[in-house]
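This report concerns only the one structure given below.
The values are calculated or read from the model by the stated rules, or taken from the named source; none is laboratory data. Quantities reported herein were computed from a predicted structural model and do not represent experimental measurements. Cβ atoms come from the backbone with ideal geometry, glycine included; neighbour counts cover every protein chain shown. Protein only, heavy atoms only, side chains kept; ligands, DNA and RNA dropped before computing areas. Shrake-Rupley method; radii C 1.70, N 1.55, O 1.52, S 1.80 Å.
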Amino acid sequence: MSLRRRLVRERVLQALYAYELSHEPIQFIIENVVADLEKQPESFAFAKQLILKVIECNKELDDLIRQRIEHWEFNRLAIIDRIVLRMSICELLYFDDIPPKV
């Protein structure tokens, strides 16, 4: 049985935050932050896919965010806010299994 997506997203947020601050290799971070999800292959696969896609599309996602924020400098956004926005936009653009109501 897989974990609820919300819980998996929390772990993805933790991994991306660790990556943002430490700049350690992403595989190292995956092994240390989300490795316990491997017991639930579906949850682990989703977490890993989301982490890697956010990193791969980081520049594109940040450009989309910059286009939408008004009267605010991108660098002034809190790191957590930036990561949550990146994750959300990434899922909407690249993950077909997200329900339409989301």
**Prompt:** Where does the longest stretch of the chain lie that holds no trypsin sites (Lys or Arg not before Pro) found in a DSSP loop with 10 or fewer other Cβ atoms within 10 Å?
**Reply:** 5-100
**Fill in**
Relative to the chain, whose Cα atoms define the longest principal axis, helix 58-68 and its Cα axis are tilted in degrees, nearest 10, by 40
**Request:** Could you provide, to the nearest whole Å², the per residue accessible area of segment 41-102 with probe 1.4 Å?
**Result:** 67
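Would you work out if the chain is rounded, prolate or oblate? Take a ≥ b ≥ c from the square roots of the eigenvalues of the alpha-carbon gyration tensor; rounded if a/c is under 1.5, else prolate when a/b is larger than b/c, oblate otherwise. Let's see the in-between values first.
Numbers: a/c = 2.24, a/b = 1.39, b/c = 1.61.
Judged from the Cα gyration tensor, the chain comes out oblate (a/c at least 1.5, b/c at or above a/b).
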**Folded to 0 to 90 degrees: helix 5-22 orientation relative to the chain principal axis, Cα** = 60
**Asked** Of L50, L37, L77, which has the largest mean-square fluctuation in a 10 Å C-alpha GNM of the chain?
**Response** L77
**Message:** Among N75, N58, N32, which one shows the highest mean-square fluctuation when the chain is modelled as a Gaussian network with alpha-carbon springs under 10 Å?
**Reply:** N75
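Using the Cβ atoms and a cut-off under 13 Å, what net charge is assigned to the surroundings of L77, where Lys and Arg are +1 and Asp and Glu are -1? Could the numbers behind the result be given before it?
On the way: positive: R66, R68, R76, R82, R86; negative: E20, D62, E70, E73, D81.
Residues near L77 contribute 0 overall.
Are there GluC sites (Glu not before Pro) in segment 18-83 that DSSP marks as loop and that have at most 13 other Cβ atoms within 10 Å, and which are they? Kindly include the intermediate steps, with their values, before the conclusion.
Working: sites: E20, E31, E38, E42, E56, E60, E70, E73; in loops: E70, E73.
Sites meeting the loop and neighbour criteria: E70, E73.
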